[in-house]
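Have a look at the structure below, then the notes.
What follows is calculated from the coordinates using simple rules that are stated; it is not laboratory data. Computed from a predicted model, the values in this text were never measured in an experiment. Virtual Cβ from ideal backbone geometry, glycine too; neighbours counted across all protein chains shown.
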Amino acid sequence: MEITAVLGMMLLVAVIGAIGGVLAGLLGVGGGIVLVPAFFYAFQSLGFDGDKLMQLCLATSLATIIVTSLRSVQSHNKKGAVDWDILKGWGPGIAIGAVIGVLAASALRSTALQALFGVLAMVIGLYLAIGKSSWTLRDEMPKGVLRAVLSPLVGFLSVLMWIGGGSFGVPMMTLFGRPIHRAVATAAGFGVIIAVPSVIGFLFVQLPPETRPPLTIGAVNLPTFAIVIAMTLITAPYGARLAHATDPGPLKRIFGIFLLLVAANMLRKAYFG
């Protein structure tokens with residue numbers, strides 16, 4: 001492996017980590033939506049491949065989301081935007097769904113995870129591109145049986161999608177009457193609840209040699225994790241400040257279109273190689 005290739009990959013990871021941190025704070029979509037495709041192409045370019053490559057990308061992304069989401073929650077909480085009652089009520093179900101998601105993801109092939117990402121990213125991309133803040137189903141968050149069904153589903157799909165809680169949590173909370181800024185802030189807390197049990201599980205997943213870069217524990221690559229964290233710790237607070245100071249609507253639509261293109265490419269690779 002040439003040193004120039006490694007340095008080039010690390011530079012790419014640093015740039016993507018910076019962008020992912022801003023997006024996590026600004027849009028509440030979870031930096032993993034950007035990080036995982038970037039990890040996938042970076043590791044492939046260095047010659048790491050195999051049926052479990054997506055697990056490596058997924059686990060490393062979720063590890064970064066722990067730190068990014070904690071930083072984002074801290075920034076939003078200073079502005080009083082985090083709804084702690086929602087986090088307490090939804091947290092246990094989300095954590096259970098995340099653990100089930102890890103079990104499912106560890107058993108799937110990379111192509112299956114790529115296809116899942118493509119389909120789910122298409123749905124999220126369409127929502128970001130054409131969704132409106134005025135769309136609501138009711139004025140309060142679900143409780144009882146509906147919450148018991150939806151909370152594990154959010155955790156499960158978020159793990160399979162390699163993201164924090166934002167990509168599902170923000171649309172759901174806005175559809176149930178929560179203001180967008182409050183939804184973004186609270187969804188950052190979802191990210192912590194999803195990522196912590198998921199990463200613990202992935203630390204015990206064993207990858208084949210052709211898929212495992214140096215300094216990888218379980219399915220988490222430590223150098224990539226460290227670089228991304230260094231960047232997101234710097235950029236996530238800026239994203240949170242922008243979320244409170246600007247209208248993120250136009251940027252959401254642009255990002256939605258970008259996500260649709262990424263999803264289409266993942267589906268192409270999953271089905272046509």
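By count of other Cβ within 10 Å, fewest leading, how are Val154, Val123, Val262 ordered? Don't skip to the answer; put the middle values down first.
Numbers: Val154 23, Val123 16, Val262 19.
By the 10 Å Cβ count, ascending, the order reads Val123, Val262, Val154.
May I ask you to compute the full-extension gain from Ile130 to Asp51, defined as 0.36 nm times their residue separation minus their alpha-carbon distance, rounded to one decimal in nm?
On the way: separation 79, 0.36 × 79 = 28.44 nm, distance 3.48 nm.
Stretched fully, the Ile130-Asp51 segment lengthens by 25.0 nm.
Can you work out D for the range 30-109 in µm² s⁻¹ from Stokes-Einstein, where Rh is the Kirkwood radius over C-alpha pairs, the temperature is 10 °C and the viscosity is 1.306 mPa s? Please list the in-between numbers first.
Values: Rh = 14.6 Å.
Using the Kirkwood radius from Cα pairs, D works out to 109 µm²/s.
Cβ under 13 Å from Ser110's Cβ, Ser110 left aside: what net charge do those residues give with Lys, Arg +1 and Asp, Glu -1?
Values: positive: Lys52, Arg109, Lys269; negative: Asp49, Asp51, Glu210.
Net charge in that neighbourhood comes out at 0.
Please work out the FRET efficiency for the pair Ala264 and Arg109, using the Cβ-Cβ distance as r and a Förster radius of 22 Å; give the result to the nearest 0.05.
On the way: r = 20 Å, r/R0 = 0.92.
After rounding to 0.05, the efficiency reads 0.65.
Which order do the peptides 91-102, 54-65, 136-147 come out in when sorted by mean C-beta neighbours inside 10 angstrom, highest first? The partial results should precede the final answer.
Details: 91-102: 20.8, 54-65: 29.8, 136-147: 11.2.
Per-residue mean Cβ counts within 10 Å order the peptides as 54-65, 91-102, 136-147.
From zero outward in steps of 10 Å, how is the percent of C-alpha pairs of the chain spread across the bins?
8, 33, 38, 17, 4, 0
Among the lysines, which have Cα under 23 Å from the Cα of Lys52 when same-chain residues fewer than 8 positions away are ignored?
Lys269
Test of understanding: extend the Cα→C-beta vector of Ile200 to 7 Å, then name every residue of the range 131-161 with backbone N under 20 Å from that spot.
Counting only backbone N, you get 151-160.
For the range 3-272, calculate the relative contact order in percent as a whole number, restricting contacts to Cα pairs under 8 Å that are 6 or more residues apart. Working shown, then result.
Working: 486 pairs, mean separation 102.0, N = 270.
Answer for the range 3-272 is 38 percent.
Quick one: if you stick a label point 7 Å off each Cα along the C-beta vector at Leu11 and Leu215, how many nm between them?
Label at Leu11, label at Leu215, 1.9 nm between them.
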